[in-house]
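**Q** Dropping a structure here in structure tokens format, bear with me for questions.
The values are calculated or read from the model by the stated rules, or taken from the named source; none is laboratory data. Only a predicted model underlies this, so the values are computations on that prediction, with no experimental measurement involved. Counting neighbours? That spans all protein chains shown, and the Cβs are built from the backbone with ideal geometry, glycine included. Accessible surface areas use protein heavy atoms only, side chains included; no ligands, DNA or RNA. Shrake-Rupley method; radii C 1.70, N 1.55, O 1.52, S 1.80 Å.
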Amino acid sequence: MIYKTGTLRYSAEEVEQMPYVPPMEPYLSCLYKDDDILVFDKASGLLTVPGRQVHMQDCLASRALAEYGPATIVHRLDMDTSGVIILARHKEAHRNLSRSFEVRETAKTYLAWVSGVVEEDEGCVDLPLICDWPNRPLQKVCFETGKKAVTNWRVLKRQNQKTFVELTPVTGRSHQLRVHMLQLGHPILGDDMYADDVAYQASDRLCLHAHCLKIAHPMTKEPCEFIAPCPF
């Protein structure tokens, strides 16, 4: 089997010169807050943490700091991915949440529109991933040096030449869902790194949304479920 790779549509120099226009409405959508955690519905187009360039300092982390005081990122979403993301408000909460993510005690569910009609109703992609270093930040399948990456998926709806799917990552590798859908032959619509031109131009945004996050509260250990409505 020949594994597909992504495409760098822009050089690193071109990316650095591109305007960064983070969404302002909603400016910051808080789903939940208490003394230990903050949970937000991150908008597509907003960085999770500051970028390297001076004009890329506006991000979810900086907005949360200004609005709610000190809080640290526990996990990240790609700039173009929307949905549920959690921050810790003190060191102990951060330590406990980080451990939960590390040992996979959390459960994350994503929603996506993918290109083409997916024939099977559900399945699992188990393909190891590693950075495609000459073409970073692209990721690629590599059985020799790649890290284990597993994604469960199921079809929710088929419409014309696209399919609405629920994606449940077992692992949390960079670009995992985007690459795994590419390997199925159904790249995510609007994906500027892994979709072909038809799928890329089919949407004005990446059609990937972190819909649900289930965790044990880092301090009380009570089960928590946070849901962000799908915007597409």
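**Q** Taking a 24 Å limit on the Cα-Cα distance, which of the listed pairs Lys162/Lys214; Lys33/Lys221; Lys108/Lys157; Lys4/Lys147; Lys108/Lys221 fall beyond it?
**A** Details: Lys162/Lys214 28 Å; Lys33/Lys221 16 Å; Lys108/Lys157 20 Å; Lys4/Lys147 17 Å; Lys108/Lys221 17 Å.
Cα-Cα > 24 Å for Lys162/Lys214; rest within.
**Q** Can you give me the % of accessible surface on segment 1-49 that is carbon or sulfur? Probe 1.4 Å, all protein chains present, nothing else counted. Intermediate results must be reported in sequence, preceding the final value.
**A** Numbers: 1730 of 3120 Å².
After summing per-atom areas, the C and S share lands at 55 percent.
**Q** I would also like to ask the following. In debye, nearest 20, what is the charge dipole magnitude of segment 106-232 about its Cα centre with +1 on Lys and Arg Cβ and -1 on Asp and Glu Cβ, if you could check?
**A** For this selection, approximately 360 debye.
**Q** Right, here's the next one. Taking all protein chains as present, what is the carbon and sulfur share of the accessible area of segment 63-190, in % to the nearest whole number, probe 1.4 Å? Spell out each step's value before the answer.
**A** Numbers: 2950 of 6390 Å².
Of the solvent-accessible surface of segment 63-190, carbon and sulfur hold 46 percent.
**Q** Tell me the per residue accessible area of segment 26-150 using a 1.4 Å probe; a whole number in Å² is fine. Before the final figure, lay out the partial values.
**A** Working: 6580 Å² over 125 residues.
With all protein chains present, segment 26-150 gives 53 Å² per residue.
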